[in-house]
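The values are calculated or read from the model by the stated rules, or taken from the named source; none is laboratory data. Quick caveat, the model's predicted, so the values are computed rather than measured. When we count neighbours, we look across all protein chains shown, and the Cβ atoms used for this are built from the backbone with ideal geometry, even at glycine.
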Amino acid sequence: MTETEPIGTEPIGIAVIGSGYWGPNLVRNFAASPSFHLRWLCDLDRSRAERALGRYSTVAATDRFADVLDDPAVHAVAIATPAGTHRDVALAALRAGKHVLVEKPLAASYADGLVLVEEADRLGLTLMCDHTYCYTPAVQRIRDLLGSGELGELHYVDSVRINLGLVQKDIDVIWDLAPHDLSVLDYVLPEGNVPVALSAFGADPIGAGRSCVAYLTVRLSGGGIVHVHVNWLSPVKVRTMLIGGSRRTVVWDDLNPTQRVSVFDRGVDVSAGPDLDADERRDLLVSYRSGDIVSPALLEREALRSMVEEFA
């Protein structure tokens, strides 16, 4: 046990770094968790941190990261700063003996991410990346459907994550949005069905200096194909993922609060086996199934709260 580790069943002392878009959500969930004692909110703009905490908060606000690193009662930090700062902030925290939670992406490049993983391993500390969608009831139900075989053999995944902005200053649209889809894919795929090839193409039509529209394609060892579309320039916001199997297809619409997950008993059936040559396959009889659509009931709970408890 290091000098900054909690003793016995005492709550884990934690500090949140960054009070911009996501930081206040972390503050709220860590403050509400009995597993943690939220001690600091650190932001370069101290007044913003104080506003995020509220007038009556007993949590300390600071604009000096050193205040957090030097506090032996802080056992862990949760980093919600711009992606380009993740490497340096996380490294400093690890080297100060703190466990680290980092908002996605873990870092702004593969090389920077590898540095963090290796340093955490060397120091024997926890390094965790927050992929909140994996804790949602919708994604957990999709994982169950794939794992149980109810969908049959996985044929394709088609994911769309598009909206207007925000154009990031330090990462492109792939690093900003695609981690959501790729982390969900990694979580729901049955064991043994793994990516074997990946390609990505991005474009910068507005001259932002980084890709604002991009398409990723992943080939899976089980023969399936994955397509991911991410876009900062779309006037409409879309958050959908289609997972097509040989028996059923799942549609996940994250913007539909009353029917996030739908299971379609619809698809295409072929009347002959695979042992035919190309000429014979042209004459195959194809039939179409138009069965029921089922929307399973999902237990409503805050995914971020579940992530916080797992970090504990």
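Anything in the stretch 149-181 that is part of a helix (DSSP H, G or I) and among the aliphatic types (A, V, I, L, M)? List them, or say none.
Just the residues of the stretch 149-181 that are part of a helix (DSSP H, G or I), to begin with: 173-181.
Val173, Ile174, Leu177, Ala178 - these are the residues of the stretch 149-181 that are part of a helix (DSSP H, G or I) and among the aliphatic types (A, V, I, L, M).
Of the residues that make up the stretch 2-24, is at least one in contact with a His (Cβ under 8 Å, 6 or more places away or on another chain), crowded, with 19+ Cβ neighbours inside 10 Å, within 18 Å of Glu119 (Cβ to Cβ) and of a type in the set (A, V, I, L, M)?
Checked against the condition, which is being in contact with a His (Cβ under 8 Å, 6 or more places away or on another chain), crowded, with 19+ Cβ neighbours inside 10 Å, within 18 Å of Glu119 (Cβ to Cβ) and of a type in the set (A, V, I, L, M), the stretch 2-24 yields no hits at all.
Looking for whichever is among the basic types (Lys, Arg) and more than 21 Å from the chain's Cα centre (by Cα) here; the options are Arg87, Arg39. Which one fits?
Selected residue: Arg39, the only one of Arg87, Arg39 that is among the basic types (Lys, Arg) and more than 21 Å from the chain's Cα centre (by Cα).
Among the residues that make up the stretch 241-264, is at least one of them at pLDDT below 90 and more than 27 Å from the chain's Cα centre (by Cα)?
The answer is no; no qualifying residue exists.
Return the residue satisfying two criteria in turn: it lies in the stretch 108-133 and is part of a helix (DSSP H, G or I) and touching a residue at least 60 places away in the same chain (Cβ under 8 Å), and of such residues it is nearest to Val218 (Cα to Cα).
In this case the residue turns out to be Tyr133.
Determine, yes or no, whether Val117 is buried (at least 16 other Cβ atoms within 10 Å of the Cβ) and either under 25 Å from Leu182 (Cβ atoms) or assigned by TED's automatic domain parsing to the domain that holds Val167 (or both).
Values: buried (at least 16 other Cβ atoms within 10 Å of the Cβ): no; either under 25 Å from Leu182 (Cβ atoms) or assigned by TED's automatic domain parsing to the domain that holds Val167 (or both): yes.
No.
If a residue must be more than 22 Å from Met128 (Cβ to Cβ), charged (D, E, K, R) and surrounded by 19 or more Cβ atoms within 10 Å (Cβ to Cβ), how many such residues does the stretch 159-191 contain?
Qualifying residue count, the stretch 159-191: 2.
Going by what's in this entry, would Asp144 be described as touching a Cys at 6+ places or on another chain (Cβ under 9 Å), assigned to a helix (DSSP H, G or I), at pLDDT 95 or above and surrounded by fewer than 16 Cβ atoms within 10 Å (Cβ to Cβ)?
Values: touching a Cys at 6+ places or on another chain (Cβ under 9 Å): no; assigned to a helix (DSSP H, G or I): yes; at pLDDT 95 or above: yes; surrounded by fewer than 16 Cβ atoms within 10 Å (Cβ to Cβ): yes.
Taking the combined requirement at face value, the residue does not satisfy it.
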